[in-house]
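Everything on this sheet refers to the single structure shown next.
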Amino acid sequence: MKKLMMAVTGGAVLGLMVTSQVAGPLLAQDQRSDASVYEQLDLFGDIFERIRAGYVEEVDDRALIEAAINGMLTSLDPHSSYLSAEAAAAMRVQTSGEFGGLGIEVTQEDGWVKVVSPMDGTPADAAGIMTGDYITAVDGESVMGLTLDDAVGLMRGPVGSEIVITVVREDEVEPFDVSIIRDTIRLTAVRTRTEGNAVVLRVSTFNEQTFPNLRDGMAEQIEAAGGLDNIDGIVLDMRNNPGGLLNQAIMVSDAFLDAGEITSTRGRDPADGERFNATPGDLAEGKPIVVLINGGSASASEIVAGALQDHRRGIVIGTNSFGKGSVQTVVPLRGDGAMRLTTSRYYTPSGRSIQALGISPDIIVEQPRRQPVEEEEDDTPPLARSEADLRGALNSGLSEDETRQIEEDRARAEAAAQLREDDYQLAYAIDILKGLNALGPTRIPGN
């Protein structure tokens, strides 16, 4: 037994000696690096103790440490952060589709809070908050120097309470205040309707309800139209969609793709990369798709737009998307808190990086800003005259059915004209679908 122990020990020492000879310089370098790290940690401890002992007011030890952790994470990029137990619980509620607040997705840029997009039907949306706005103060308190989570914390509060945010907008000379009443945000992830012969799927966020909402809403609209043969195609409207759950973006993309890659993620270690592929089945059965995006379309919505664009399954129109192409992994921590850490980047099927570049539309279509109508301006359209208005004009000789059909066509044309006034980008998308449908099934993208 004693000989065996000696043999084992001797072998271990020999292995250590051989290793030291081969990798000695590298090991010495690692040791110096470790020593430097420990020196910095000692420095952190010294500062922590000095703050506790000498700061002008008594401090909360836990709050100090949480702030230090969050500062370490937020120094990496705008999307990495520490989540306290309360913030982690709020995030879980938000992804389930119901939460309290203003209904606004934000990021941080140059120390200010920048609006990615207001969410449909929320207090922020009703108050006129726009993509690209900068929030510089909350109830008179500047957000400069605050972490993103701290700034968002200022905007949280009891449902029904008032908040005043100071906004800087590109087209406005001076900052201005906006008063908003906080409310419970209940997100309907997908709203569906039919415009003309096009089924419009308005996807406002990617939470646990998104794919079920889309699938069921689309089926209802197609059934109401009397089947797929009676529609021109699908408008997938993801404007001002700030993103959300990756698995929902994959499911929505897969809903319209039969095969091929949807997206891939690549991290620091190539072995950690993942690819997500489509499975057979297309809810639209090859009907043409037009995808609507703008500067408020981010993250998951960019994944869907990029996948349909690369596979030539849909035509993307609108304006360049936000460019949020990084993956955040939420890591549970002790004490019910969590860490949100950027671990990889998204890529489209063709290998394009979304990060900071966004998705470029196939056709750029700007949404015209509404011009205020002057009070003295006369909105009465000029009197239109036709053959039927002429005295003694011949009777058309049309039957009641033919006359009714003409009136229905005229009503649709008037509705389309009104839509161009209300939402030019959507009207443009529907016009494209009409053109694609007129070309016949052999010309539909993706077939």
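Annotations for the structure displayed:
- When ALA255, ALA271, ALA259 are checked against the criterion of being more than 13 Å from the chain's Cα centre (by Cα), open to solvent by less than 30 Å² (accessible area, probe 1.4 Å) and without any contact (Cβ under 8 Å) to a residue 60 or more places away in the chain, ALA255 stands alone in meeting it.
- Condition check for VAL199: touching a helix residue (DSSP H, G or I) at 6+ places or on another chain (Cβ under 6 Å), open to solvent by less than 10 Å² (accessible area, probe 1.4 Å), of a type in the set (Val, Ile, Thr) and without any contact (Cβ under 8 Å) to a residue 40 or more places away in the chain: yes
- Odd one out for PRO441, checked against (1) in contact with a helix residue (DSSP H, G or I) (Cβ under 9 Å, 6 or more places away or on another chain); (2) open to solvent by 90 Å² or more (accessible area, probe 1.4 Å); (3) modelled with pLDDT under 65: (1)
- Residue pairs whose Cβ atoms lie under 6 Å apart, sitting 6 or more positions apart in sequence or on different chains, and linking a residue in the range 237-249 that is closer than 16 Å to GLY132 by Cα to a partner that is charged (D, E, K, R) and open to solvent by 10 Å² or more (accessible area, probe 1.4 Å), are PRO242/GLU105.
- Per-region count, the range 166-194, residues open to solvent by less than 50 Å² (accessible area, probe 1.4 Å), part of a strand (DSSP E or B) and touching a residue at least 40 places away in the same chain (Cβ under 8 Å): 4
- Members of the range 275-292 found to be surrounded by fewer than 19 Cβ atoms within 10 Å (Cβ to Cβ), part of a strand (DSSP E or B) and either polar (S, T, N, Q) or in contact (Cβ under 8 Å) with a residue 40 or more places away in the chain (or both), listed by number: ASN277
- Being β-branched (Val, Ile, Thr), within 30 Å of PHE211 (Cβ to Cβ) and crowded, with 16+ Cβ neighbours inside 10 Å is a condition met by at least one residue of the range 146-158.
- Test: ARG169 is modelled with pLDDT of 85 or more, touching a Leu at 6+ places or on another chain (Cβ under 9 Å) and of a type in the set (Lys, Arg): no
- Considering (1) modelled with pLDDT of 60 or more; (2) in contact with a helix residue (DSSP H, G or I) (Cβ under 7 Å, 6 or more places away or on another chain); (3) open to solvent by less than 80 Å² (accessible area, probe 1.4 Å), the lone condition that ALA393 does not fulfil carries the number (1).
- Residue under evaluation GLY71, criteria (1) open to solvent by 40 Å² or more (accessible area, probe 1.4 Å); (2) within 24 Å of LEU341 (Cβ to Cβ), criterion not met: (1)
- Filter pass, ALA307 being out of contact with any Ser or Thr (no Cβ under 8 Å at 6 or more places or on another chain), hydrophobic (A, V, I, L, M, F, W, C) and crowded, with 21+ Cβ neighbours inside 10 Å: no
- Pairs, first under 23 Å from ASP110 (Cα atoms) in the range 70-89, second assigned to a strand (DSSP E or B) and acidic (Asp, Glu), C-beta under 8 Å, six or more apart: PRO78/GLU109
- Looking at ASN247, ASN241, ASN207, ASN230, just one residue is within 14 Å of the chain's Cα centre (by Cα), surrounded by fewer than 16 Cβ atoms within 10 Å (Cβ to Cβ) and over 15 Å from VAL290 (Cα atoms), and that residue is ASN247.
- Condition met for VAL327 (assigned to a strand (DSSP E or B) and under 17 Å from the mean Cα position of the chain (by Cα)): yes
- Boolean, ALA88 is open to solvent by less than 40 Å² (accessible area, probe 1.4 Å) and not acidic (Asp, Glu): yes
- Candidates ARG266, ARG312, filtered to the one that is outside any strand (DSSP E or B), closer than 17 Å to GLY351 by Cα and basic (Lys, Arg): ARG312
The values are calculated or read from the model by the stated rules, or taken from the named source; none is laboratory data. Note that the coordinates shown come from a computational prediction; the quantities given were computed from them, not determined experimentally. Note that each Cβ is placed from the backbone with ideal geometry, even for glycine, and that neighbours are counted across all protein chains shown. All accessible areas refer to the heavy atoms of the entire protein, side chains included, with ligands and DNA or RNA removed. Shrake-Rupley method; radii C 1.70, N 1.55, O 1.52, S 1.80 Å.
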